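What follows is a single structure, written as structure tokens, with notes after it.
Each reported figure results from applying straightforward, stated rules to the coordinates on display, with no laboratory input. Since the structure is predicted, the reported quantities are computational estimates derived from the model, not experimental observations. Using ideal geometry, Cβ is built from the backbone for each residue, glycine included, and neighbour counts are taken over all protein chains shown.
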Amino acid sequence: MYDEFISSLTTVAPISDCILVDFLQQLKIIRIPKGKLLLAEGEICDKLWFVNSGLIRGCHMADNGHGGFDDITGWFAKEHDFFYAADSFVNQVPSRECIEALEPSMLIYITRQDLYQLYRQHPEVCCIGRIIAERFWLTHQELLRDMRVLSASKKLESFRIRSRELFARVPQKHIASYLGISENYVSKLKAKY
């Protein structure tokens, strides 16, 4: 059950068998249905998650200026991805985002407390955590760059090329909110592919 997780860790950096044993003792597995909230806005994120199977998204509600709120998708996590509500996890403050399963999913997680204990015991684990956080940050930087400089059609094309699998799996409304374009426009552009 942990094979994909171990493989993902070892592609980040080498890890000794001794450390791996300590790591595996702290892991938990959970199966969740589509639509399940793993984290609600205002809760504190105390887990680092890994997607063994399924599809997850991070989202928040934003005032639309017309008396309502829009559901804005900030990120997606698919098989072999790590995820968390970054600000809440790192600073232990109430989350400004929700984490939701878009598909039935099998997830592996470690609590923040257990992860930080491993950091103290094994500096190699700290290095792996840093690299995972850096990759998470780079993904978001790439999206921010695209959001600032690309037209709607170029945003969708970039997403399709970079995330071919997500392009096929994620509902159009979530792709639209992720890219900051209308769902109707996504539908029209997807029809061309």
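Here are a few things to note about the model shown:
- Between Trp137, Trp75, Trp49, the residue with the greatest mean-square fluctuation in the GNM of the chain (Cα pairs under 10 Å linked by springs) is Trp137.
- Most mobile of Tyr109, Tyr84, Tyr119 in a GNM of the chain (Cα contacts under 10 Å): Tyr119
- 3J(HN,Hα) along region 148-155, derived from phi through the Karplus expression 6.51 cos²θ - 1.76 cosθ + 1.60 where θ = phi - 60°, amounts to 7, 10, 9, 6, 4, 5, 5, 4 Hz, with x in place of Gly and Pro.
- Counting only DSSP H runs of at least 4 residues, each contributing -39500 (n - 2.57), and dividing by the residue count of the chain, the helix-based mean residue ellipticity at 222 nm comes to -15000 deg cm²/dmol.
- Kirkwood radius for region 3-134, taken over all pairs of different Cα atoms as the inverse mean of 1/r, rounds to 15.5 Å.
- Most mobile listed residue (Ser182, Ser53, Ser16) in the chain, GNM with C-alpha springs under 10 Å: Ser16
- Cα-centred dipole magnitude for region 1-49, charges only on beta-carbon of K, R (+1) and D, E (-1), debye, nearest 20: 280
- Close Lys pairs in region 41-193 (alpha-carbon distance under 14 Å; sequence gap of 8 or more, or different chains): 7.
- Taking every alpha-carbon pair under 8 Å whose residues sit at least 6 apart, the chain reaches a relative contact order of 24 percent.
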